[in-house]
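**Q** Please see the structure below; I have some questions.
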Amino acid sequence: MNLNQDLVTQQFGPNAAAYAVSATHAAGESLARVVELVQPQPQWRALDVATGAGHMALALAPHVREVVASDITHEMLRTAERLARERGLANVNYKRADAMALPFRIFSFDLVTCRIAPHHFARVDRFAAECARVLKPGGVLAIVDNIAPDDAAPYVDSLERLRDPSHVHCLTASEWLRTFAQYGFVVEHQETLSKRMNFATWINQQKTPPDTERTLARMLREAPAAAAWWLRPEIDAEGTVTSFRLTEGLFVCRIPHQR
C-alpha cells in the first residue's frame, strides 16, 4: 500500500458510516443519471471501483447479473455489504482492490463505474489503463468525479486537500478527455452537474479540526476571482460561509469492439 492509500484508509475507514448516509454520495443527482445513461443490461457483469459505501454498486445491482464492489478500505466494504443486505440485494460481491492495480482478469466486465473517487488516486492514468484492461471489447466506462477549472485547479485542490489530506487532484474536463483518448476510450457522453455543499456538513464529514475549519472558511471568503466564480460561496450577513458549489464531470465512454 502506498502513502496515499494509507491516507485514504485513515480518512475514510473511521468515517464509513457517515458516507452511508451522506446526501451527496447516497442520493446525488449523478447516481441516477449514470444508470439512465449507461442503460445496464440484465446479462452484464459490472465493477464499481472505489465503491465507498456502495451507493453506485447498489444502484446498478437491480439491473445487472452481478456487481463487484471494490474498495481499498475494509470499513467501506463492510458498510456497502450491510446496505446491500438491508435492501435485499444478493448479486453484489465485494473485493478489496487498489484502483490502480485491479485484481481481475482481462475482459472480465461489461461495465466499469467509478463515482466521486478518482481525485484520491495517485495515478489516474494507471486507473484508466486498468479499466481498459478489464473491460470486454465494446464495454462501457462511466466516471463521475469532482472537476476543477483550468484557471483555478491549484486553488480548488488546496482547499480540498486541507480538509482531506488524501485528496490528490481534481482533474479538469480536458485532462479527463486526454486520459480517455490515451487508453483507447471513445467518449459517448459528457456533462457537468453542480452540487451545493453545506459547509458545516462538508466539514463534519471528515471531523475537521476547528483551526482548519477557520482556514477553509477564510479560503472560501477570500478566494481569487476564478476560484470564487467556480466555487460560488454563499456568505451570510455575519460573514459566515454557509455553502459553496462543487462541480462534477460525468463521462460515459466505450472501448471499441476492435482494439
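The values are calculated or read from the model by the stated rules, or taken from the named source; none is laboratory data. Please read these numbers as outputs of a predicted model, since none were measured by experiment. As a convention, Cβ positions derive from the backbone with ideal geometry for all residues, glycine included, and neighbour counts pool all protein chains shown. SASA here: full protein model, heavy atoms, side chains in, ligands and nucleic acids out. Shrake-Rupley method; radii C 1.70, N 1.55, O 1.52, S 1.80 Å.
**Q** Kindly indicate which of Gly139, Gly184 is at positive phi and not basic (Lys, Arg).
**A** Checking each option against the conditions leaves just Gly184.
**Q** Go through the range 187-206 and give me each residue that's under 30 Å from Ala129 (Cα atoms), out of contact with any Phe, Trp or Tyr (no Cβ under 8 Å at 6 or more places or on another chain) and aliphatic (A, V, I, L, M).
**A** Leu193
**Q** Pairs only if they're at least six apart or on different chains, beta carbon under 7 angstrom, first in the range 228-243 and under 16 Å from Asn146 (Cβ atoms) and modelled with pLDDT of 95 or more, second in a strand (DSSP E or B) and open to solvent by 30 Å² or more (accessible area, probe 1.4 Å); list them, first residue then second.
**A** Final answer for the pair search is Leu231/Arg245; Arg232/Arg245; Ser243/Arg196; Ser243/Asn198; Ser243/Glu234.
**Q** Could you run through the range 73-98 and say how many residues are of a type outside the set (Lys, Arg), in contact with a strand residue (DSSP E or B) (Cβ under 7 Å, 6 or more places away or on another chain) and free of Cβ contacts under 8 Å to residues at least 60 places away in the same chain?
**A** 9
**Q** Same structure again: Scan the strands (runs of 3 or more DSSP E) fully inside the range 28-107 and keep the ones with 1 or more residues being closer than 27 Å to Leu193 by Cα and under 19 Å from the mean Cα position of the chain (by Cα).
**A** So the answer is 45-48, 66-71.
**Q** Step by step: first the residues of the range 231-259, then only those that are open to solvent by 30 Å² or more (accessible area, probe 1.4 Å) and within 23 Å of the chain's Cα centre (by Cα), then the one that is nearest to Arg178 (Cα to Cα). Which residue is that?
**A** Arg254
**Q** Between a first residue in the range 214-226 that is touching a residue at least 24 places away in the same chain (Cβ under 8 Å) and a second residue that is open to solvent by 30 Å² or more (accessible area, probe 1.4 Å) and among the aliphatic types (A, V, I, L, M), which pairs have beta carbons less than 7 Å apart while being 6 or more apart in sequence or on different chains?
**A** Here the result reads Thr215/Leu162; Leu216/Leu162, each pair linking the range 214-226 to a residue that is open to solvent by 30 Å² or more (accessible area, probe 1.4 Å) and among the aliphatic types (A, V, I, L, M).
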